[in-house]
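The values are calculated or read from the model by the stated rules, or taken from the named source; none is laboratory data. Predicted model, so just to flag it, every value in this text is computed and none were measured. Cβ coordinates were reconstructed from backbone atoms using ideal geometry, including for glycine residues, and neighbour counts include every protein chain displayed. Only protein heavy atoms, including side chains, enter the accessible area calculation; ligands, DNA and RNA are left aside. Shrake-Rupley method; radii C 1.70, N 1.55, O 1.52, S 1.80 Å.
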Amino acid sequence: MPENDSPYLAQGPRAGIRHFAYEDAAEFTARVRESKALHQPWLFPPGSPDAYAAYAGRLIKDPTKAGFLVCERDGGAVAGFININNIVEGGFLSGALGYGAFAHAAGRGLMSEGLGLVVRYAFTTMGLHRLEINVQPGNAASIALARRCGFRLEGFSPAFIHIDGAWRDHERWAITAEMTAAP
């Protein structure tokens, strides 16, 4: 349940996380268009209302996915997004993270705060044990975010994910619930 009847599932001093909603299409797609230079060649989020509706629909309806918008607590503007994909239950209790900041919020620490909130939410409310981030080796900003949030480098996967017309190499970063537990 959101803290203190706020719109957020979890919140920190400057950011809050909430689930995607169809009503976010206009703001989300405008932010995508403003952030094209920041995202490419790493990321291609939906930039039209129809593409957003399909994307959000998968995150809303598919139980193997969970999508979160990272919002500025001051005003509620969408600063970025973090998705947990390939959620596996049973003995794995894991998921794969994908994320992107929007240009107006880049470098302000909102995604670090938002990713920390998503990790805690995943390990507590969702009951997951492990989260993995797969990052192209040249994506320094994404690797820095994973490192800042306590993820450890676990390996390298050649030709791992098909992005922008080619199979791309990725580094595998991961965090487990034990790694976030207070000493």
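Odds and ends about this structure:
- Charge sum, other residues only, whose C-beta stays under 12 Å from residue 116's C-beta, Lys/Arg counted +1 and Asp/Glu -1: +2
- With protein chains left intact and a 1.4 Å probe, residues in region 66-155 average 39 Å² of accessible area per residue.
- Counting only protein heavy atoms and a probe of 1.4 Å, the accessible surface of region 1-103 is 56% carbon and sulfur.
- In the chain, the DSSP-assigned H stretches of four residues or longer account for a calculated mean residue ellipticity at 222 nm of -8500 deg cm²/dmol, using -39500 (n - 2.57) per stretch and the full residue count as denominator.
- Prolate/oblate/rounded call for region 107-157, Cα gyration tensor, a/c under 1.5 rounded: oblate
- Summed residue charge, Cβ within 9 Å of residue 172's Cβ, Lys/Arg positive, Asp/Glu negative: -3
- Coarse-grained scattering of region 1-90 at q = 0.12, 0.18, 0.21, 0.23 Å⁻¹, given as base-10 log I(q)/I(0) from a Debye sum over alpha-carbon atoms: -0.39, -0.86, -1.11, -1.25
- Neighbourhood charge, 12 Å Cβ-Cβ cut-off, centred on residue 47 and excluding it, Lys, Arg +1 and Asp, Glu -1: +1
- Average silhouette area of region 11-64, convex hull of alpha-carbon atoms, in square nanometres: 4.8 nm²
- Shape of region 96-183, Cα gyration tensor, a/c cut at 1.5: oblate
- GNM on the chain, alpha-carbon springs under 10 angstrom: the most fluctuating residue among 94, 48, 112 is 48.
- Cα convex hull of the chain - mean projected area over all directions, nm²: 10.8 nm²
- For the options 18, 148, 130, a Gaussian network treatment of the chain with springs between C-alpha atoms closer than 10 Å singles out 148 as fluctuating the most.
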